[in-house]
Amino acid sequence: MSEAESAEFARFGVAAGWVFAIRHRVRWSECDPFGHANHRAYFEWFEEARNRYLETAGLPKLSATAPGPVMAETGIRYLRPLVYGDEILVTARTARLGTTSFEMEYAVWCRGLCAEGRAVLILMVNATGEKTPLPASLCRAILARDPEAREAGADERR
(Lines give C-alpha, C1' and ligand atoms only; values in the text may rest on other atoms or scores of the structure.)
Protein backbone atom coordinates (compact mmCIF):
# COMPACT_ATOMS: atom_id res chain seq x y z
CA MET A 1 0.00 0.00 0.00
CA SER A 2 1.33 3.43 -0.89
CA GLU A 3 1.97 6.15 1.66
CA ALA A 4 -0.98 8.14 0.28
CA GLU A 5 -3.31 5.12 0.59
CA SER A 6 -2.10 4.51 4.15
CA ALA A 7 -2.80 8.15 5.02
CA GLU A 8 -6.29 7.92 3.52
CA PHE A 9 -7.04 4.71 5.45
CA ALA A 10 -5.89 6.43 8.66
CA ARG A 11 -8.04 9.50 7.92
CA PHE A 12 -11.18 7.32 7.63
CA GLY A 13 -10.25 5.20 10.66
CA VAL A 14 -9.74 1.94 8.75
CA ALA A 15 -8.48 -0.92 10.92
CA ALA A 16 -5.50 -3.07 9.96
CA GLY A 17 -6.06 -5.95 7.54
CA TRP A 18 -7.73 -4.02 4.73
CA VAL A 19 -5.84 -3.11 1.56
CA PHE A 20 -8.55 -2.46 -1.08
CA ALA A 21 -10.99 0.44 -0.91
CA ILE A 22 -13.13 2.79 -2.98
CA ARG A 23 -14.28 6.27 -2.02
CA HIS A 24 -17.89 7.35 -2.13
CA ARG A 25 -19.99 10.34 -1.09
CA VAL A 26 -23.43 9.49 0.33
CA ARG A 27 -25.98 10.76 -2.18
CA TRP A 28 -29.35 12.32 -1.35
CA SER A 29 -31.10 9.50 -3.23
CA GLU A 30 -29.43 6.96 -0.90
CA CYS A 31 -31.06 8.44 2.21
CA ASP A 32 -34.32 7.45 3.88
CA PRO A 33 -36.99 9.88 5.17
CA PHE A 34 -35.08 10.14 8.48
CA GLY A 35 -31.97 11.42 6.70
CA HIS A 36 -29.89 8.26 7.17
CA ALA A 37 -28.28 6.25 4.41
CA ASN A 38 -30.83 3.56 3.61
CA HIS A 39 -29.91 -0.08 4.14
CA ARG A 40 -30.12 -0.84 0.39
CA ALA A 41 -27.35 1.71 -0.30
CA TYR A 42 -24.85 -0.38 1.66
CA PHE A 43 -25.53 -3.38 -0.59
CA GLU A 44 -24.87 -1.16 -3.63
CA TRP A 45 -21.63 0.16 -2.14
CA PHE A 46 -20.49 -3.39 -1.38
CA GLU A 47 -21.40 -4.47 -4.92
CA GLU A 48 -19.36 -1.66 -6.44
CA ALA A 49 -16.37 -2.45 -4.20
CA ARG A 50 -16.69 -6.18 -5.00
CA ASN A 51 -16.82 -5.62 -8.77
CA ARG A 52 -13.81 -3.30 -8.76
CA TYR A 53 -11.90 -5.64 -6.45
CA LEU A 54 -12.55 -8.63 -8.73
CA GLU A 55 -11.75 -6.67 -11.90
CA THR A 56 -8.38 -5.64 -10.47
CA ALA A 57 -7.76 -9.30 -9.50
CA GLY A 58 -8.27 -10.29 -13.14
CA LEU A 59 -11.86 -11.57 -13.30
CA PRO A 60 -13.17 -10.81 -16.81
CA LYS A 61 -15.92 -8.23 -17.25
CA LEU A 62 -19.36 -9.62 -16.51
CA SER A 63 -21.19 -11.28 -19.40
CA ALA A 64 -23.84 -13.96 -19.90
CA THR A 65 -21.33 -16.48 -21.27
CA ALA A 66 -18.23 -15.89 -19.11
CA PRO A 67 -18.13 -17.19 -15.53
CA GLY A 68 -19.04 -14.49 -13.04
CA PRO A 69 -19.92 -14.14 -9.37
CA VAL A 70 -23.48 -14.91 -8.30
CA MET A 71 -24.68 -14.08 -4.79
CA ALA A 72 -25.46 -17.12 -2.62
CA GLU A 73 -25.68 -15.41 0.76
CA THR A 74 -25.17 -11.92 2.18
CA GLY A 75 -25.56 -9.90 5.35
CA ILE A 76 -24.78 -6.54 6.92
CA ARG A 77 -24.30 -5.34 10.49
CA TYR A 78 -24.95 -1.62 10.95
CA LEU A 79 -22.95 0.12 13.68
CA ARG A 80 -23.34 3.88 13.12
CA PRO A 81 -25.63 5.83 10.78
CA LEU A 82 -24.38 7.76 7.78
CA VAL A 83 -26.06 10.84 6.34
CA TYR A 84 -26.20 12.79 3.10
CA GLY A 85 -22.81 14.18 2.12
CA ASP A 86 -20.70 11.89 4.31
CA GLU A 87 -17.44 10.98 2.60
CA ILE A 88 -16.91 7.25 3.11
CA LEU A 89 -14.38 4.58 2.30
CA VAL A 90 -15.76 1.15 1.39
CA THR A 91 -13.27 -1.69 1.87
CA ALA A 92 -13.39 -5.22 0.46
CA ARG A 93 -11.35 -8.36 1.00
CA THR A 94 -11.60 -12.10 0.49
CA ALA A 95 -11.95 -14.21 3.62
CA ARG A 96 -12.26 -17.69 2.09
CA LEU A 97 -11.62 -19.40 -1.23
CA GLY A 98 -13.41 -22.61 -2.18
CA THR A 99 -13.50 -24.61 -5.39
CA THR A 100 -16.43 -22.78 -7.02
CA SER A 101 -17.24 -20.23 -4.30
CA PHE A 102 -15.59 -17.59 -2.19
CA GLU A 103 -16.52 -15.40 0.76
CA MET A 104 -15.90 -11.68 0.86
CA GLU A 105 -16.00 -9.19 3.71
CA TYR A 106 -16.79 -5.50 3.41
CA ALA A 107 -16.73 -2.49 5.68
CA VAL A 108 -17.82 1.14 5.51
CA TRP A 109 -15.62 3.71 7.23
CA CYS A 110 -16.27 7.35 8.15
CA ARG A 111 -14.50 8.50 11.31
CA GLY A 112 -14.24 4.79 12.17
CA LEU A 113 -16.25 1.68 11.37
CA CYS A 114 -19.89 2.31 10.42
CA ALA A 115 -20.98 -1.05 8.97
CA GLU A 116 -19.58 -4.43 8.12
CA GLY A 117 -20.84 -7.03 5.69
CA ARG A 118 -20.11 -10.34 4.09
CA ALA A 119 -21.16 -12.32 1.06
CA VAL A 120 -20.73 -15.83 -0.26
CA LEU A 121 -20.45 -15.87 -4.02
CA ILE A 122 -20.49 -18.74 -6.48
CA LEU A 123 -18.69 -18.51 -9.79
CA MET A 124 -21.08 -19.58 -12.55
CA VAL A 125 -21.97 -19.08 -16.19
CA ASN A 126 -25.20 -17.08 -16.10
CA ALA A 127 -26.44 -18.36 -19.46
CA THR A 128 -26.38 -21.99 -18.30
CA GLY A 129 -26.38 -21.80 -14.49
CA GLU A 130 -23.28 -24.03 -14.47
CA LYS A 131 -20.92 -23.63 -11.49
CA THR A 132 -17.31 -23.28 -12.54
CA PRO A 133 -14.09 -23.64 -10.57
CA LEU A 134 -12.33 -20.46 -9.50
CA PRO A 135 -9.47 -19.88 -11.98
CA ALA A 136 -6.04 -20.50 -10.45
CA SER A 137 -4.90 -17.07 -11.68
CA LEU A 138 -7.77 -15.40 -9.81
CA CYS A 139 -6.96 -17.33 -6.62
CA ARG A 140 -3.29 -16.33 -6.88
CA ALA A 141 -4.20 -12.66 -7.39
CA ILE A 142 -6.60 -12.73 -4.44
CA LEU A 143 -4.06 -14.42 -2.14
CA ALA A 144 -1.39 -11.92 -3.21
CA ARG A 145 -3.70 -9.09 -2.12
CA ASP A 146 -5.32 -10.85 0.85
CA PRO A 147 -2.80 -13.38 2.17
CA GLU A 148 -5.03 -14.00 5.21
CA ALA A 149 -7.77 -15.48 3.00
CA ARG A 150 -8.34 -19.13 3.92
CA GLU A 151 -8.42 -21.78 1.26
CA ALA A 152 -11.24 -24.11 2.21
CA GLY A 153 -10.53 -27.77 2.90
CA ALA A 154 -12.24 -30.46 0.86
CA ASP A 155 -15.20 -30.60 3.26
CA GLU A 156 -15.76 -26.83 3.04
CA ARG A 157 -15.43 -26.46 -0.74
CA ARG A 158 -18.50 -25.54 -2.76
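Computed values, structure above
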read-out: Which numbered condition TYR84 fails, given (1) without any contact (Cβ under 8 Å) to a residue 60 or more places away in the chain; (2) out of contact with any helix residue (DSSP H, G or I) (no Cβ under 9 Å at 6 or more places or on another chain); value: (2)
read-out: Enumerated strands (runs of 3 or more DSSP E) restricted to region 21-133, each holding at least 1 residues that are more than 25 Å from PRO147 (Cβ to Cβ); value: 67-78, 87-97, 113-125
read-out: Conditions (1) within 29 Å of CYS139 (Cβ to Cβ); (2) at pLDDT 95 or above; (3) more than 16 Å from the chain's Cα centre (by Cα); number of the one not met by THR99; value: (2)
read-out: Enumeration of residues in region 7-27 that are out of contact with any helix residue (DSSP H, G or I) (no Cβ under 9 Å at 6 or more places or on another chain) and surrounded by 12 or more Cβ atoms within 10 Å (Cβ to Cβ); value: GLU8, PHE9, ARG11, PHE12, GLY13
read-out: Where a residue in region 43-64 is over 16 Å from VAL90 (Cα atoms) and its partner, wherever it lies, is charged (D, E, K, R) and assigned to a helix (DSSP H, G or I), with Cβ under 8 Å and at least six apart; value: ALA57/ARG145; LYS61/GLU55
read-out: Residue tally, condition among the acidic types (Asp, Glu) and farther than 21 Å from GLY58 by Cα, over region 98-155; value: 2
read-out: Among residues of region 96-128, those that are farther than 30 Å from VAL83 by Cα and touching a strand residue (DSSP E or B) at 6+ places or on another chain (Cβ under 9 Å), counted; value: 12
read-out: Tally, over region 28-81, of residues that are surrounded by fewer than 19 Cβ atoms within 10 Å (Cβ to Cβ) and under 20 Å from GLY129 (Cβ atoms); value: 12
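The values are calculated or read from the model by the stated rules, or taken from the named source; none is laboratory data. Please read these numbers as outputs of a predicted model, since none were measured by experiment. Please note: Cβ atoms are built from the backbone with ideal geometry, for glycine as well, and neighbour counts cover all protein chains shown.
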